[in-house]
Amino acid sequence: MASGAREAVVTRAIVLWCPDWPVIAAQQALELAVDQPLALVEKGVVFACSPAARADGVKRGLRMREAQARCPQLEVLPYDPVLDARAFEPVLAAIEEITPGVQPVRPGTCVLRARGPARYYGGEEQAAAELLRCLEGLGLPDARVGIADGPFAAEQAARSTGAARPLGGAPSAGTPTTGAADAAHDPAPHFWAHSRVRIIPSGDSPAFLAPLPVALLGFAELTPLLRRLGLHTLGDIAALSRVDMRERFGERGELAHTLASGLDGTAVVPRTPPKQLDRSIDFEPPLDRVDQVTFAVRGTAEQFIGGLTKAGLVCTSLRVEVTDESGRVSERIWLHPRLFSPPDVVDRVRWQLQGSGAIDSGLASPISRVVLEPEAVDDIGHHEDGLWGGGADERIHHGLTRVQSMLGHEAVVTATIGGGRAPGERQVLVPWGDRPVGVARADQPWPGSLPAPAPSTVFEVPRPVAVLTEQGASVEVTDRGDVTAPIARFSPTGQARDARPVDSWAGPWPVRERWWDATLSRAMHRFQLVDADGTAWLLALAGSGWFAEARYD
């Protein structure tokens, strides 16, 4: 090329497109009627809608209230991208059964290299027909296929499918051919197409893309500027110099010129199918004792860990799913401080079934199925023992795990620091191997919390004490935050006869928590006090009662 840039290598591509895929995924998951008007809403606007909703004037981008005004019987649901992607996984797996090399573009759209399927099935038309038959078997009769040079042109071909010629060649009886009236709506009426397939011959992608609008490029910020400059179609952009587009609009301008010229060199990268690392075991007849299920699941646990080891992985977080005879599912995620071994997996299954009962106790409902699934994995190389083993840490881990296996999951706990304003709130005990879940984070700001240094002795239950004036009256705090009299005497037992002189004191520091919740709200005033024996105390006045929260030893 005169500019010195290398020419892009364009790959012949097949794009499969499922119109209204988010709606289809929601309908299948929630078992909604196909003819029910449905709209999926994201951030207050319509993200996708069903054909029945579009018939009443609902369209993408409308605000939810306006959509409901146009269609009063509209069913409105929040858009769930996780459900969208999860529901598309079986479609990708079914396509991979008939032809490998599928690359997901987004939920509802995927791309393949055209060469392999076309050679296997005897042509691009036959390959497209086979793909459509596959999707029809999955309950997707309206899927579309586009074949062109490059993924971009192939996707536009799939989205521009319309009634023209039946699959296989010449028009059949009763099928109208494309005429002048259709040409105004068909950007390239002379290309081979039928109602759900459009094939752009090799080398004709620039002519096919030329009349399409620039909005199809997907550059939201660049599109209005291109229109103001008089560039309304992809052909207008292709007629310009690639160098000029790059100098004026940067890399996005160069990419827009490449796509509009039909020179999309984006490679089709097939996805790597996920490895089946989970294991399951079914019981027929269902088992109604914990020890029976525990014994039966040992072999499955060994297969589960063996499969991970073969894949070069270890499991650090395990999801155990237990289904009873009535169909109810018990699911829990278990954590491990290092990595799961087969005995560890068996222990987690037993603990989940056992609860607070014994190993030989009966179950409320017989168990019919147990599923083991790795929730989090890590490379096995990160967990290899050193040359001389793990030393003391390894022995401690095995010892605590052994005690936990005999006494139960919550019999061995470790201490960790949580968030909170009181010293007692920051003490959190979690079972050995677990991470704190649902605990306030210590790294968050806690206005009104106790500054360092922290007291060394924290009472599990605050102790009642007496804080007195020189005359023996109880010290109080006014609504303005002032003490009614200087603190002169202190009794650690709460009895006036045990009161001792006070050397120094500081406070009050007001604490007001959860004022919006009548049941959880708390208000108090904190003091620090040193008695005549030189012992420092952390005190709190809540209502009319004094309590000792901690002691500085």
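Which loop-located trypsin sites (Lys or Arg not before Pro) does the range 495-553 contain, where loop means any DSSP state but H, G, I, E or B and the Cβ has at most 13 other Cβ atoms within 10 Å?
Sparse-neighbourhood loop trypsin sites (Lys or Arg not before Pro): Arg514.
Select from the range 461-553 those chymotrypsin sites (Phe, Trp or Tyr not before Pro) which occupy a DSSP coil region and have at most 10 other Cβ atoms within 10 Å, ordered by residue number.
On the way: sites: Phe490, Trp505, Trp515, Trp516, Phe527, Trp537, Trp546, Phe547, Tyr552; in loops: Trp515, Trp516.
Filter output for the range 461-553: Trp515, Trp516.
Provide the FRET efficiency to the nearest 0.05 for the Ser202-Glu321 pair, computing r from the beta carbons and using R0 = 41 Å. Spell out each step's value before the answer.
Details: r = 50 Å, r/R0 = 1.22.
Once rounded, the FRET efficiency stands at 0.25.
Students often forget the sequence filter, so: which lysines lie under 17 Å Cα-Cα from Lys59 once same-chain residues fewer than 8 apart are removed?
Cα-Cα hits under 17 Å: Lys43.
Over all directions, average the projected area of the Cα convex hull of the range 279-383 and note it in nm².
Computed as one quarter of the Cα hull surface, the answer is 6.2 nm².
Could you calculate the FRET efficiency of Ala542 with Arg338 from 1/(1 + (r/R0)^6), where r is the beta carbon distance between them and R0 is 45 Å, rounded to 0.05? Don't skip to the end; give the middle numbers.
On the way: r = 43 Å, r/R0 = 0.97.
E(calc), rounded to 0.05, equals 0.55.
What nm value, rounded to one decimal, do you get for the distance between Ala364 and Arg298 when each label is placed 7 Å out toward the C-beta?
In this crude spin-label approximation the distance works out to 2.9 nm.
On the principal axes of its Cα set, how long, how wide and how thick is the range 457-552? Give whole Å, largest value first.
Principal-axis extents of the range 457-552 (Cα, largest first): 41, 29, 21 Å.
So the label point goes 7 Å from the Cα of Glu31 along Cα→C-beta, right? Which residues of the range 312-331 then have their backbone N under 11 Å from it?
None, by backbone N distance to the label point.
Could you give me D for the range 439-510, from Stokes-Einstein at 10 °C and 1.306 mPa s, where the hydrodynamic radius is the Kirkwood radius over C-alpha pairs? Units µm² s⁻¹, please. Working shown, then result.
Working: Rh = 14.6 Å.
Once the numbers are plugged in, D ends up at 109 µm²/s.
Determine, for Thr161, Thr484, the number of other Cβ atoms within 10 Å of each Cβ, and report the residues in order from fewest to most. Working shown, then result.
Numbers: Thr161 19, Thr484 11.
So the residues, fewest neighbours to most, are Thr484, Thr161.
Say a paramagnetic label sat at a point 7 Å from the Cα of Gln73, along Cα to Cβ; which residues of the range 26-40 have their backbone N under 20 Å from it?
What the label zone holds, given the 20 Å backbone N cut-off, is 27-28, 30-40.
At 0.36 nm per residue, and after removing the present C-alpha to C-alpha distance, how many nm does the segment from Ala376 to Glu136 gain when stretched out fully?
Values: separation 240, 0.36 × 240 = 86.40 nm, distance 3.53 nm.
Gain on stretching Ala376 to Glu136: 82.9 nm.
Label Val105 and Glu460 with points 7 Å out from Cα along Cα→Cβ: what is the distance between them in nm?
A separation of 6.3 nm, rounded to one decimal place.
Taking Lys275 as the anchor, which lysines have their alpha carbon closer than 17 Å to its alpha carbon, excluding any fewer than eight residues away along the same chain?
Hits, sequence-local ones excluded: Lys310.
Using all alpha carbons of the range 46-143, what is the percent of pairwise distances in each 10 Å bin, ordered from the shortest bin to the longest?
With 10 Å bins starting at 0, P(r) equals 14, 35, 26, 19, 7, 0.
Taken together, the values in this text are just the output of simple stated rules run on the coordinates, not laboratory data. From a predicted model like this one, the values you see are computed outputs, not experimental measurements. All Cβ positions, glycine included, derive from the backbone under ideal geometry; neighbour counts span all protein chains shown.
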